[in-house]
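Q: A single structure is presented below for examination.
Computed from the coordinates by the stated procedures, all read-outs in this text should not be read as laboratory data. Just so you know, these numbers come straight off a predicted model, no measurement behind them.
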Amino acid sequence: MAIIKTTEGLTMQCRLQVGMDQESGLPIYRNRNYSRVNPLATDQDVYDVATGLMDLQTHTLDAIKTVETAGLLSE
């Protein structure tokens, strides 16, 4: 039985370093999520938009991720 995957949505997630923990000295991170990204957008397009948006932030950009939501149907 074949399975069909249909992409339903794409979210861009930007991880920012917002400070340092005073006790442990480890960085503190926060995620900024941007939903309703066009699933047909290329990785380069998503990266360019993310870096452009994060240039407006005062915090340091640590990572860019995409989260895909998809449905699975059997034939």
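Q: D62's amide H: which non-local residues (gap 5+, or another chain) put their own amide H closer than 5 Å, with H modeled 1.01 Å from N in plane and none for Pro or chain starts?
A: Counting only residues 5 or more places away or on other chains, the set is R15, L16, Q17.
Q: Now a separate question. Given an 8 Å cut-off on Cα distances and at least 6 residues of separation, report the relative contact order of the chain as a percent.
A: Values: 124 pairs, mean separation 39.1, N = 75.
After rounding, I find 52 percent.
Q: Of L61, L53, L26, which is the most mobile in a GNM of the chain whose springs link Cα atoms less than 10 angstrom apart?
A: Fluctuation is largest for L26.
Q: So, one more: Whose amide H sits under 5 Å from the amide H of Y29, counting only residues 5 or more places off or on another chain, with H placed in the peptide plane?
A: V18
Q: May I ask you to evaluate 6.51 cos²θ - 1.76 cosθ + 1.60, the Karplus curve with θ = phi - 60°, for each residue of segment 40-54 and list the ³J(HN,Hα) values in order in whole Hz, giving x for glycine and proline?
A: The phi angles translate into 8, 5, 6, 4, 5, 4, 4, 4, 4, 5, 4, 5, x, 5, 6 Hz.
Q: Say we join alpha carbon atoms closer than 10 Å with springs in a Gaussian network model of the chain; which of M54, M20, M12 then has the biggest fluctuation?
A: Of M54, M20, M12, the most mobile in the Gaussian network model is M20.
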